[in-house]
Amino acid sequence: MRKRTLPPAPFSQIAPTWRQELIESISRKLQVLREARESLLEDIQANNALGDEVEAIVKDVCKPNEFDKFRMFVGDLDKVVNLLLSLSGRLARVENALNNLDDSPSPSDRQSLLEKQRVLIQQHEDAKELKENLDRRERIVCDILATYLGEESLADYEHFVKMKSALIIEQRELEDKIHLGEEQLKCLFDSLQPERSK
């Protein structure tokens, strides 16, 4: 007796199944990323608390002008690292758009992107100079604090500064991954909607 073979499923049935599996996979990844974000926020809060402790000690032992240098350095650290990350991301997107241009883009499209790229490269160079200047200020502040703080408090300060930059970078990368996953999900959900009236 011959075995009956089922006819292949029509493509219209296969495609939604494939999309559904992809939706479930991306949803699971997003869940993991969001849990990682929660954990990261706890790390950021813990590091900020350590920074507050260090700041209180520094305020007690340093001269007012030295404390001002410390405060300004810590405040600028946030701004400069965020600026560098933002410019790097925008530059990458413009370069991606340039690489993905059609074979025959309109000259104005290419020109506009090249101009954006030129401006962003210059801004990125300026931001790198700011970061180099910030690194010099970090060494000056560290030298000042080394004359006042004990070994443990100085180690706390150095750990706080190192982690502050690392956590900002990690937070930005996580947010970008979550945003990308949400965009992918939205596109997939849109593709599952019944075709709108033509």
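Each value in this text was obtained by applying a stated rule to the coordinates, not by laboratory testing. Since this is a predicted model, take the numbers as computed values, not measurements. In this analysis, Cβ positions are derived from the backbone assuming ideal geometry, glycine residues included, and neighbour counts consider all displayed protein chains.
Numbers for the structure displayed
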{"read-out": "Inter-probe distance in nm under a simple model that places probes 7 Å from Cα toward Cβ, at E151 and L101", "value": "6.0 nm"}
{"read-out": "Inter-probe distance in nm under a simple model that places probes 7 Å from Cα toward Cβ, at E158 and W18", "value": "5.5 nm"}
{"read-out": "For D52, net neighbour charge (Lys/Arg +1, Asp/Glu -1) across residues whose Cβ lies under 14 Å away", "value": "-1"}
{"read-out": "Rh by Kirkwood over Cα pairs, then Stokes-Einstein D for segment 37-92 at 0.692 mPa s and 37 °C, µm²/s", "value": "248 µm²/s"}
{"read-out": "Calculated SAXS-style log₁₀ I(q)/I(0) at q = 0.13, 0.14, 0.16, 0.30 Å⁻¹ - segment 84-144, Debye, Cα scatterers", "value": "-0.47, -0.51, -0.60, -1.14"}
{"read-out": "14 Å beta-carbon shell around I168, net charge (K/R +1, D/E -1)", "value": "-1"}
{"read-out": "Using alpha carbons only: equivalent-ellipsoid semi-axes of the chain, gyration tensor based, whole Å", "value": "50, 26, 12"}
{"read-out": "Cross-link pairs beyond the 28 Å C-alpha cut-off, checked among K59/K177; K162/K186; K164/K186; K128/K164; K116/K177", "value": "K59/K177; K162/K186; K164/K186"}
{"read-out": "Nearest-20 debye value, segment 17-191 charge dipole, Cβ charges on Lys, Arg, Asp, Glu", "value": "460 debye"}
{"read-out": "Simple spin-label estimate for E175 and Q123 in nanometres, 7 Å along Cα-Cβ", "value": "1.5 nm"}
{"read-out": "Solvent-free Debye scattering, log10 I(q)/I(0), computed from the Cα coordinates of segment 109-198 at q = 0.13, 0.22, 0.25 Å⁻¹", "value": "-0.78, -1.10, -1.15"}
{"read-out": "Mean separation of Cα contacts under 8 Å, 6 or more apart, over the residue count of the chain: relative contact order %", "value": "43 percent"}
{"read-out": "Cβ-based charge dipole, the chain, positive-most Cα from V141, I26, G89", "value": "I26"}
